[in-house]
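Asker: Have a look at the structure that comes next, please.
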Amino acid sequence: MLLWLTFLIVAVLLAVTNLVMSVIGRPRLRNWLTIGSLSFTAFEAWAQYNLVSSYVTRFDYVTISQTVPLMNSMLIIFILIMVLLNILANLLYKSRSGKIGMAFEGREYRSRSTDVVVEKKADDKAKETSENK
């Protein structure tokens, strides 16, 4: 019954910890905190759905009519806040470190495009032809 509340508290704690870690510049657990926060947000949405489905199986339509409208707006607001907190943490870390963000943390970004290789080969061929003349 209180499973959704547990998931909510854990998701908020992970999001706030992620935000604090981003502000103080400790990137070590930042990716895991983001993943955990968003995962527990999804678990919280699932627990809310599970709660309503248990009301449906018991044919408790009065409780559904009292619960669902408030729960729907509360769930939308909660999910928006959690996503925005995680985006803010990522932006704060990006602005402090100058890196591209989560996906490239700790690595140098290199394009996998072959355009550079093709241009280099074309330049090499142009040099060879000019040397051969």
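Asker: Would you mind telling me which numbered condition in (1) in a loop (DSSP other than H, G, I, E, B); (2) on the phi < 0 side of the Ramachandran plot V68 fails?
Answerer: It is condition (1) that V68 fails.
Asker: Taking the conditions exactly as written (touching a Leu at 6+ places or on another chain (Cβ under 8 Å) and at pLDDT below 85), does L33 satisfy them or not?
Answerer: So L33 fails the test.
Asker: Go through the range 44-75 and give me each residue that's surrounded by 10 or more Cβ atoms within 10 Å (Cβ to Cβ) and of a type in the set (V, I, T).
Answerer: Scanning the range 44-75 gives V52, V56, T63, I64, T67, V68.
The values are calculated or read from the model by the stated rules, or taken from the named source; none is laboratory data. Given the structure is predicted, the values throughout are model-derived calculations rather than measurements. Cβ atoms come from the backbone with ideal geometry, glycine included; neighbour counts cover every protein chain shown.
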